[in-house]
Structures are given as C-alpha cells and as structure tokens.
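One structure is given here, and the rest of the page talks about it.
The values are calculated or read from the model by the stated rules, or taken from the named source; none is laboratory data. Only a predicted model underlies this, so the values are computations on that prediction, with no experimental measurement involved. Note that each Cβ is placed from the backbone with ideal geometry, even for glycine, and that neighbours are counted across all protein chains shown.
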Amino acid sequence: MNKHLIIDSAKCTGCGLCELACAINKTGQCQTYLARIKIWQEETRGFFVPMTCQQCDNPPCASACLMNVISKDPVTGLTIRRLEGCIACRACQLACPFEGCSYDYLQEVLVNCDHCEGNPECVKYCPTGALRYISTAESMDLERSAEAGRRCGLAGLVKGDRR
Amino acid sequence: MKGEKNMSKSKGYAGQILEVNLSNQDSRYKELATEFCRDYLGGIGFNARIICDEMPAGIEALSPENILVFGVGTMVGSTFPTASRTEVSAKSPLTGLFGTSNSGMFFGTQLKNAGFDALVIKGKAEKPVYLFIEDGEISVCDATRLWGKDSWDTLDILKKQYPGAEVALIGPAGENLVRFACIENGYYDAWARTGLGAVMGSKNLKAIVVRGTQGITPHNVEELIKVSWKARKLIETSPFFKPFQSYGSMNAAMPYGSFKALNANNFSQGCLSDWKENFARPKVEELTHGHIACQSCIIACAHWVEIKEGKYQGLRMKDMEVTPTVSFGSGCGMSLEATVKAAEMGQRYGMDMVSVAGVMAMAIELFDRGIINQEDVGYDLAFGDDDAIFRLMDDIAHRQGLGAVLAEGTMRAAEQFAGGEASAMHVKGLEMPMIDPRGRWSTWTLGILTNIRGGDHLRCRNPIENLRFNENKYDFQKERFGYDQKMYDALDMPDELKAQAIDLETDTVDIAIMSRWAEDLINLFNSVGVCIRPPVEHRIGPTILAEAYTAFTGIKISPIELMQSAERAWNLIKLFNLREGEQPEDSKFPHRFYEQTVGGKMLDEAKVQEVLQQYYQARGWDMLTGKPGEEKLQELGLCNLT
Amino acid sequence: MKNIVIIGNGAAANSAAETIRKHDFEVPIVMIARENLPEYSACALPDCLSGWVDRSKLFIKELPEYAQMGIQTRFGLEIKQIDTSERKLISDQETIYYDKLIIATGSRAIIPPVPGHDLSGNFVLKTVGDIDAILAYHVRKVVVVGSGNIGIEVAEALQIRGCQVTIVELMEDILPRIFDHEPAGRISRILIDRGIQVLTGEKVLGISGDQRVEAVTTDCRSIICDTVIWAAGVKQNVEAASAAGVKLGKLGGIQVNSFMQTNIDGIYACGDCIESMDMLTGYPTLSLLWPNAKRQGQIAALNCLGQKAEYEGAVSMVVEDIYGITAVSMGLNSRVLAREEIRVLEGQNRELYWRVLVMDDRIMGMQTIGISSGLGAVMALMKKRTTLSEFHRVTADPHLARRIAWYLPAQRFLE
Amino acid sequence: MNEILVIDYNKCVGCKTCEMICSLVHEGVCAQNLSRIRIAKNERAGWNVPISCAMCEKPMCVSVCPVAAMIRNRETGLVTVDEQRCIGCRQCVQACPFGHANFNPLKGLAFKCDQCDGDPQCAKFCWTGAITFEPIELSLIQRRQDTAEKITGK
C-alpha cells in the first residue's frame, strides 16, 4: 500500500519547520523558497495549510509538461521528473492546482515532493502531527471512525434493541 | 509481489500461505495448488495437513518446534452468510494432542484481504515481538513495550497505531504459559480452547496485526450472490433462527438448565436450583440489548451486556454467551452479574473461560473436600464466593501461589493432590464444557467423548437436535427425533444415510451414525469458515455449500466430495493424535459420570463404550482401538502417519 | 482489431500512441511522419535558438524507443492519399492498410505571398529543420514578422544571440491573441528596454533584395535587415484528409466531435490539425497548444480502443519567459470577449501584475506578469467554471477553506 | 431526489455484509476497500456506523475537485465521479467531512456511492434495517414518531 502525505491543517501551527527540513534535505540551504512543501499562511484568520504535491495518479502537470519529463513511477506511484530535460517553462506549475511544483532556482528546474524515498523529512520534523505519512486507506479509516465517533456522541452508547 | 497475486491464482482463495520463522525472522510464501484446495478446502483442513506434514512427532508443545497455524475458512470474505471463521491449530500444551480452536469476527477477512489463506508460525523469537501483516508484506516488530500488558490495553495501543486492522493477541496468561491461555481475537472473542495462547506465548509472540486491502475475486459473481441469498433465506426460515437471534447461545442453555443437564458446582449437581430465576430468559432480557455480528452474519447472536446496578455496575461488554455464563455461573456458583466480570477478566488475561472455570471449580471442590486448605491458597475458597474466585483467577493468570499449579490445567493439577483425580472433570486433558451428559444423553454428548480435541462440545452436534425433548427414554444408542416429515425432508443429508440415521416410525435418531455425520459436517463448516450456530448448521448442508464453493472458487466439487474433504481432515487429525500418544482408554468420561447420579440419572460405562464402538464402526475405524482403518485411509487418500 | 495507424509524430500523435499502449499491449500501432526524427518538443525551439537548451535536449524520445513500445514507424513518408473505402493510406513508396486511423498531422507555419517572400533569408520556426537552417544562415539584423508567442520568443532568442531585432506586428499590440492591451504594453516595454525594436500597427508590404533579403518594406518605413522570420500564423495540414472526404470546419481544421471522431467511421483526428471546442465559450477554436494536443491524443486513443472518453474542451494556457520574467495568459482575453459584459479584476504588487476577466460571475481568463505562484488554483477554478460566489463561500468559512485548501492561493487575485 | 440511503446506526450490528455486496456488485471483488459503503466500528465502545455518501446539496467533494470530475446532477441530486476526468489527487477523500469519498489505489481513481441506479444492494442485503432506501420525508416521519414514542413512553 502506497503511503501519502496526509495533511491535517487543523493541527498546523505554521511554524515552518517542514519547509526548512525539506529545503535543507534537498538543497542544503535554509531557504524556504527552495522547499517542496509550502505552508499557506492565513495568519489573520488563524489557520495554516501546508501544501505540497498530491501525487495524483493521472497528474495534470504531466499532461501539461512541454518536454514530457514528468511521469508516474510504476513501483512507488510517485510523480517523478527527469530533471535534465526540464526547460523550466513552468507549465506544470500552472497546471497544478495544489502548488505542488516549485521552482528550484539553484538548478533552474521545477521540482516536486518525492517523499524522501519513503521517509519524509517534513513528517519527521512536524512537531504537531499535522503531517502524517500513512496510506490513503488508513487515512480514510481514521476519517470514518472520527465521523462515526462524532455521530455516536461522547457517551458512545449503543441503543439497539434486541429483535 | 505486491498486487500480482490477485490476477493469476485460483479465484476465491487469496492463493498464498505465509510462513514465518520467528527464530530467524525469515518469511516464505507458498502458493496454493488447486488439488490441495480441493482436498483440504481451507481452515481446519489446511491446518491439519500443514501440521501433520511439518511437525516432528512427539515434540513438547511449548517448544520452538511447535507450529501455530491460522487457517482462514474458504468462504470467508464473501457474501455467504456467517462466513467469518478462522481456525487456529497447533499441538496443544493442555492435551498434548491436536489443539485447535475456531473464532469469527473479522480477523480472517483481513488476513485473506492481506493476501493469505493461512499463516504458519514456527520457531521462537528471542525477545517479545508482534507481527504486522499488510497486503502481502510482513514485518516482525518489537513488542517489549506491550509485554505484560493485559489484552485490552494492548489492543487499545495497537488499534490506535494501526487503524482498521484486526488483531490476534495473547494476554498475561499466554505470556506466563498458562496451559489453557487463549488467543484473543479482538476485545471480546478468542480462539480459546486447548491452550493455543500458551503456544503463542512460548514463541514470544504477543500479537498478530493484520490489515488487508486487496480483496478477493470470486469465480462467478452472480452465482455467488444468488447462492448467498438462497443460504440466507434458508437460515432465516430455520425454527432456531429467531430464538438464536434474540437470545444467542443462552437460548440452548435454558432448556438444558430446566432439564438438569448443566454443569453445576463442578458437575456435582445437575443444575443450580435457582437457575431459572437467576440465569434464564427474563434475566438475560434485562441485562442485554442490541446485537453484534461477525463478518457477513445475518444472525448476530451476540449482544451487549450492561450491568446497571449492584457491585458490578458500569460493566459493559459483549457477553452473555452460554459458555462463560454456565462455566462461571453454574460451574463455580457465581451470580449472572459476576459471570460478566469473570468474562471480562478472562478476556483481559487471555484465558479459556471453560478451562479456567473448570480448574477453579476443581480447586474449590478440593478445598471443600479438605485436600487443599487456606494455607495452600492464601484465602478461603467456596462456590459462589466471587471475590475469592477473582483472586484465584488473577493468581492463575500470573502463576502465583496455588495458581502456578492450577495453571497447568485440570489433568496436570489433579495429579499434584492426593485424590485430586476424582474432582478433575476433563476428557483427554481438556476441561469439560457446560453440558452434563448424565442429564441428557444425545449425539451432542457422545461428541464430547469422540472429539478430536478432547472434552469439548463444539465439534459434534446433531443438526436437528430438538432441545424441547430432554427426556431420553431410549437406551444410549438413540435420541428422540421429535419433528415431522417436513423437517425430515428438508434435512440436507444423503437419502441413504438419512434413512439409516433417522427412523421416522420410532421417531428416533441413531446417535453413532448421526455423530459421524455431524462431526464431518462441523468439520466442513470449520474448513469453509461458516459458523456452526444451530440455525446455520440446521439449514446449510453440503449441497448448498458445494454450490457456494464452486461459485466462489471455480473449483468444481460435489456435495459428497465436500463431505469427504471434511472427513479427510478429521481422520488426519485422529492419526496425528494417535501419533502423539492418544490411547483408546482416554476416550472416557470422568469417573463421576459413571458413579454419581444427577437428577436420578447416571451413565452406564459399558453402554457408552458400546455406542463408542458403533461410532468407530460408522467411521470405518477399528472398533476397539478407534484407529482409522486401512480401507478408510485409502478411500480418503491418506497414508498412515506413524 | 487489426491495427491502428497514426499519421503524425507530434504531441498528439505520441500521446495517442502511449495511451493505446497503456491500455492494450497487443494491438499493432503504426506511426507515419514526414520528418525522419523522433518526437521533439516544438515549444522549446526558441530556447534552442537562444542557445539555452541544447539541440539534443529537444528530443523527447529516441528512435529505438518506438520499437521498444511495440510501435512500427514509417518516418520520412508523406501520405498522399487516404482511401477511406478500402481503409488504406497511399504514399509514393508504399500502401499501408489501417483499421482505425488517427490523424495528427499538425500544422505548418506560413509565409504570406508578399513580394520577395521567396528570397533567401526568409525563415519560419516550426521544426528542428528550421532551427538548423537559421543557425546555418549568417543572421545579423533580423525582422520578426508577427508577434505571437513564437514571434516574441524568437525575437528574444536572437537578441540574446547578439542580433539586432525588430518586431513588426499588424495589430495594435504585441501578442494580440494572447494578452490584453495593458499587459501587452508591459511586455512590450520589457522588450524595448532590452533593445528590441517593437513596431505595432504596421503591415509588411514586401521584401526587397537581390537573391538575399536586404530590407523589409512596411506601410510606414523600410527596415534594413538580412533575415526575415515569419511568425505570422500557421495552416493546418489537412489536405490529404480533406481530399479523402474528411469534413473541415469553418476555421480550416478537421471537424471532430467531442470524442475526436471525424465524419468518417474509423477515422479520428487530434492535435493542431483539428478544430476543437473551447472549454469556456463552447465555440470551435483552433488550439495550437501542447497540453491540449496531448489531451486530445489521449481522448482519440481511448475512443479508438472503444472506451468512451469525452473531451472537455480546449483551454488556452500560455507561459512566456521574457528575459526571466514570466508572463502567463490563460483562458480568453478581452479581445475575444469584446462583445460580452466583462468585469476586470486588476492588481499589482511588488512581484506580480495580474488581470482577471470575469463574466457571469465566472473566471474567463487571466493574465499575469511576474512570479507565477498561485496561478494553478485560478486555472483549475477557471476550468471547473466555479462561480466567484461559490469561491467566496468556501474561502470565507475557515472550516471549509481548510478542507478545500487549494482555493486559498487564488484568493488574492479574486477579491 | 426523492429517495436516499437512510442510515440508522443504532440498528447496525456491524456484520459488514453491505461492504461485501457493494464491492461484489460494483467491482466483482469481495473487498472492503472497494466498497462504497463502509462500516466504521469501535469494538470496545461498541458502535457500528455505516458510512456512505450523503449526497449533500453543497458537496465539498464537488467543490474541492480541481478538474470537475465530481459532478452533482441537479435533477437527481446524485453526486458521481467521472472516471475519465479524475486525476486521482485524493482531494475529495480529504475534503469530505464524513469520510464518505473512497479511493481505489490500484486504479488511481476516486469512487463513491451511485445508489446502484436506484436499487441499492446494501439496503437490499441489510437485514437489520440499519440501511434503508426511502424518501427522506418518510424517514423523517418515522423518526418523529419514534421520538414521540420515547417522550410519551409508549
């Protein structure tokens, strides 16, 4: 089962550790512009949303790419790029609704999240658990049981009658 | 390996057996051959073959050589009603024979969805570990932080860590190698009998966490849906359906109680005098509500119990099964509310409730008889003394004081006390269940004797047992049929055999012949993973199961062949037991049943032996020794294991 | 199915071939193309001209890859005739039979028949061959006729190479089909700042010279130059198809339905050679953009295989990199919407100028100059045809906005 | 839309038959993960809650889908996935506040309840009456009646 970065924005405090961890790990520089994950700041309204590549299964960035450098890895299911072919035309950035493609001005190419080979740095650094690296099935299970818990209320009482 | 499995292999099955050796953390994947599937079906059939093939003779049950097998029933994970059961087998530390137990809920579905029809565990881990199996991949994880925790606390941790997963685990009793420790299946269910939890504990294996997302492709979807509906309609029309849905297994205990055929105070009485007021229907109705179902079940015989007042106020769990209720309530003289508490403790500690109640009842009787005293125990024991019993339970689970002796099981513990044998109520080392064969002699009670796992009531049951008729005026060979022609016609049994087994004119059932049929039928159910609750066993026969099996797996099989596959597994287990040292004279009830009366009734040893011989004959076994005959083995394509 | 023949080797053709292979490992695929080259990206040609991208990097595939994918290639072959009754393709060398045909012949750049258009020194830029020709020619002073995206990019590329560049545009603004007056002016200023002469509203009347180009004459002046690069438009390669009875639309492209089917059974068409429906207006349009061609190729391939896939329509999406400054246009511009009642949301900050066109509460187009982050969201909202009131409903509620987080980056443009 | 899947989780016993039949009918596979209806359960606390699409009037899955692959039919009220458009970005899964939207990792597509073209198999196979397919008005009437009975104690 492929894992994904599941983002729970309710827990994000906007500390920016994920961005820094990502940038340092990928480029060796403490520069949040180089991060593949970005926190969308809604400071005045009191919430923060980390945004990154969603690893779509049929990614619009790949369809938009003028050089066909974006493809899906059949094994890991990740969206991968052949960086030497990238001409930095930014078409992928325009096609991606999720701010998933970021411009790496050191290499002059566009890059996206690659899950750090199955051990994402951002998840390791996240102090609040807003970022989790779990499978979609698991996140769906969690979501469903949270919903079920809400419906059943705190008492959690079963009221069914015997037939 | 991931994802490929589903495409090629035979349908219906997940197609692989996973073998883990805990000693070197090595895992192997074995593909299932179609012939193997047809011959052994799944569940107990797979377990029997794997254990017979791979376990050396005469090993110690708690040694690393023992093999623990989780065999998922074939139909599990389909829409077939009540198909949820998984059989777990190993050499039993309690009986030294084939140890096996069956449980439902969702573990089997998850294991199959994770890509495996069976899980074989060998060797022993150096330090406590648990297994995590997900979609064809297995990892051995450190369980040091879980070791010593009771099973519910462990489950809370694991279920949080792995949402949506199913967990099989042991409690402190299994860790402490209590010989009747069970493997818990989630919070409220267990593979309880024959001490499989101790085997798991001896392997330093705390839990098995399974999560599967792959799914199983049936051979013929439409046919499967059709046969599922058909089976469902059949079950719903059984006269046992409604009562079972309403009262669960307690339903059976009610008539049995009123006819004094229940264990009371270590089988010294036929039934408690206040049984009807304190245990029967009105009380059950008062305490229980709602339903809980296993995978694909349409009966949902389990209910929620909520104790609203008294000493155990606030206790809330799935319970009021007949087994803990009678074993603790009647067998140890506890109140109905206290049995719920005892069941909770049994679940938390991970102990087989029949066995722990049996061994405690023996201890109390020995205390009464003065063979053990307060000094040995550390406190007074008495039937009906809840607190003392709970304390003793705690001692047994942790092997403290007298508990260390009792944790060895009734048979072994009795040997430690002079004259203890007289109070030890077991068959082949396995504690007797709640039915007293003296109260009512029937196919069911003969089954306790012929059972391949020892003194247990769950492997043989007349599919048309008539609970209304307690009084058995016939000699030991017959029981009353008690139904009309319609019921006779509806029974799914080969005509010839039906005519032999049931005599409509005298309204009787031949116990020996029916025993054999019932055992094979239940073995079939345990192979394909269908529940053996009476409404199911009553209506679902080999004909519809063969239809369902073919629709699901695409393997063509006739009802006769299906029954033969079930019989094959039964014979194989018998051969295994003989190899492990089972003696013909082991097949007998505790002396008390032949010597003391309850309700003015007593068993006649000679007559019981005669029925037993008739049963052997019906099986094609040697009449005196109970050894499967050459002819039978050849018919089944088995060769002698020894 | 016997086989699928694809005419063309561009984005649409290759995307179709890849899609077919993804869904069907068996069916034989034949690809026919006039150029004997593997697939290359036409969009990167100006970058190659400037020297920023190496010529070898233009190629997306290598020739052996076709065989590896199980595609037979007939490159260097020009189809002269399509026989729809016998389902065969006739060229000078051979005849190829097809069961299903995908036409993805693309388009070619045109040189208008003005006097002197045949002198040496007249170029277009559409293929790798054109690049080679331009580079082989001694270019010093160049006039670029037309200022579509190719025109602007070529002008920039040649300016970077050290040429003296003049852009001549017939319309009032540069990039007339893509940008509105205001952003076009901004782009124009960038070009002028870099030393490119931009002449708008001028018509090229002729080219003078003896064998070689020496000057370009417009209705206002004469410009001394040695090279003319024509970026004045393209023509669809539909001659063979049209002769075979494939119906053309009013704009000159092959007419297809939303399943990329032509009027003839078994013949599909996609890419630059077709007239597709505009996603936003619903009217036929000639979309000459790479992503649209790829998507059309996919749709044609899926329908060819019998899976029903419907094309959602073409949408314009142009990214121009002008001396490191990104100019983006998506959707429609106000020239197209001239007759409609539109609302313009315009804004500017340190890093970005933006202009959003709103019609009927829906985003119809957007143009920006500057850093391009946050535009993907607007693009998606535009394609989804989300109304602004729905957008504001979502973003105004923190609970909804957190769940539908990708709306947030678009907020600053749409307030 | 008249009829919806009305779910009374007090009646659910957690047998998961609905999951099995749903995946069987839609995908030809017995797999919980491919079922459009899922039972969330907590064994310890003892609740079983069948969760399937509520067919919201203002569905968040439709709002969040960046490619308009989630479509709500104005006339029938059904919210469906257009598989050809779906890009598999899992936004609907994360956006649905109820955990209703599902995702098939093998196909890389979102999928959700389509009410089996007006004959929901889950409701058909549910023997407990926890899942019924009925007009919303009817279920409201029944619920009012139940509440009234509780209040009056009859």
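Here are the numbers for this structure:
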| quantity | calculated |
| --- | --- |
| Helices (runs of 4 or more DSSP H) wholly inside the stretch B:483-544 containing at least 1 residues that are of a type outside the set (F, W, Y) and surrounded by 24 or more Cβ atoms within 10 Å (Cβ to Cβ) | B:495-501, B:511-528, B:534-539 |
| Odd one out for D:C122, checked against (1) outside any helix (DSSP H, G or I); (2) in contact with a Cys (Cβ under 6 Å, 6 or more places away or on another chain) | (1) |
| Residue that is surrounded by the most Cβ atoms within 10 Å (Cβ to Cβ), among those in the stretch C:302-331 that are away from every other protein chain (no Cβ under 12 Å) and farther than 30 Å from C:A157 by Cβ | C:C304 |
| Residue check, C:S276 within 24 Å of C:A17 (Cβ to Cβ) and assigned to a loop (DSSP other than H, G, I, E, B) | no |
| Where B:M411 falls short, out of the listed (1) of a type in the set (A, V, I, L, M); (2) in a helix (DSSP H, G or I); (3) over 26 Å from the mean Cα position of the chain (by Cα) | (3) |
| Within the stretch C:160-186, tally of residues that are outside any strand (DSSP E or B) and surrounded by 21 or more Cβ atoms within 10 Å (Cβ to Cβ) | 8 |
| Tally of residues being outside any loop (DSSP other than H, G, I, E, B), aliphatic (A, V, I, L, M) and either under 19 Å from C:A377 (Cα atoms) or within 7 Å of chain A (Cβ to nearest Cβ) (or both) across the stretch D:77-94 | 1 |
| Residue pairs meeting the criteria (Cβ under 8 Å; at least 6 apart or on separate chains; first more than 11 Å from B:M360 (Cα to Cα), in the stretch B:386-397; second basic (K, R) and in a helix (DSSP H, G or I)) | B:D386/B:K341 |
| Enumeration of residues in the stretch C:369-415 that are within 12 Å of chain A (Cβ to nearest Cβ), among the hydroxyl-bearing types (S, T, Y) and more than 17 Å from A:A91 (Cβ to Cβ) | C:T386, C:T395, C:Y407 |
| Long-range neighbours under 8 Å by Cβ, at least six apart or interchain, first residue among the basic types (K, R) within the stretch B:30-45, second assigned to a loop (DSSP other than H, G, I, E, B) | B:R38/B:I555; B:R38/B:I557 |
| Some residue of the stretch A:23-32 being away from every other protein chain (no Cβ under 11 Å), within 17 Å of the chain's Cα centre (by Cα) and charged (D, E, K, R) | yes |
| Complete set of residues in the stretch C:400-415 that are assigned to a helix (DSSP H, G or I), among the charged types (D, E, K, R) and farther than 12 Å from A:M51 by Cβ | C:R403, C:R412 |
| Which numbered condition D:I4 fails, given (1) of a type in the set (V, I, T); (2) modelled with pLDDT under 90; (3) touching a Ser or Thr at 6+ places or on another chain (Cβ under 7 Å) | (3) |
| Residue match in the stretch B:460-476 (condition: modelled with pLDDT of 90 or more, over 22 Å from B:D604 (Cα atoms) and under 15 Å from the mean Cα position of the chain (by Cα)) | no |
| Test: residue in the stretch B:237-246 that is touching a strand residue (DSSP E or B) at 6+ places or on another chain (Cβ under 8 Å), under 30 Å from B:G164 (Cα atoms) and assigned to a loop (DSSP other than H, G, I, E, B) | no |
| Yes/no for C:A232 being in contact with a strand residue (DSSP E or B) (Cβ under 6 Å, 6 or more places away or on another chain) and part of a loop (DSSP other than H, G, I, E, B) | yes |
| Meets criteria (at pLDDT 90 or above, among the acidic types (D, E) and not assigned by TED's automatic domain parsing to the domain that holds A:C92) for A:E19 | yes |
| Per-region count, the stretch B:177-232, residues under 30 Å from B:D456 (Cα atoms) and either outside any loop (DSSP other than H, G, I, E, B) or over 24 Å from the mean Cα position of the chain (by Cα) (or both) | 25 |
| Residue within the stretch B:212-231 that is within 15 Å of B:L155 (Cβ to Cβ), at the interface with chain D (Cβ under 10 Å from one of its Cβ atoms) and surrounded by fewer than 24 Cβ atoms within 10 Å (Cβ to Cβ) present | no |
| Any hit, the stretch B:71-88, residues being surrounded by fewer than 24 Cβ atoms within 10 Å (Cβ to Cβ), in a loop (DSSP other than H, G, I, E, B) and at pLDDT below 95 | no |
| Residue match in the stretch B:103-111 (condition: within 14 Å of chain A (Cβ to nearest Cβ) and over 20 Å from B:P324 (Cβ atoms)) | yes |
| Selection within the stretch B:102-158 - surrounded by 24 or more Cβ atoms within 10 Å (Cβ to Cβ) and either outside the structural domain of B:V72 (by TED's automatic domain parsing) or acidic (D, E) (or both) | B:D117 |
| Those residues of the stretch B:303-361 which are without any contact (Cβ under 8 Å) to a residue 12 or more places away in the chain and of a type in the set (D, E), in sequence order | B:E309 |
| Residue within the stretch D:9-19 that is more than 22 Å from D:G118 (Cα to Cα), surrounded by fewer than 24 Cβ atoms within 10 Å (Cβ to Cβ) and of a type outside the set (D, E) present | yes |
| Qualifying positions in the stretch D:36-68 - assigned to a loop (DSSP other than H, G, I, E, B), more than 9 Å from every other protein chain (Cβ to nearest Cβ) and buried (at least 24 other Cβ atoms within 10 Å of the Cβ) | D:R36, D:I37, D:S52 |
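Conditions tested, residue by residue: (1) in contact (Cβ under 8 Å) with a residue 60 or more places away in the chain; (2) buried (at least 18 other Cβ atoms within 10 Å of the Cβ); (3) of a type in the set (K, R); (4) within 14 Å of chain A (Cβ to nearest Cβ).
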{"position": "C:A232", "(1), (2), (3), (4)": "yes, yes, no, no"}
{"position": "C:I254", "(1), (2), (3), (4)": "yes, yes, no, no"}
{"position": "C:T262", "(1), (2), (3), (4)": "yes, yes, no, no"}
{"position": "C:E275", "(1), (2), (3), (4)": "no, yes, no, no"}
{"position": "C:W290", "(1), (2), (3), (4)": "yes, yes, no, yes"}
{"position": "C:A293", "(1), (2), (3), (4)": "yes, yes, no, yes"}
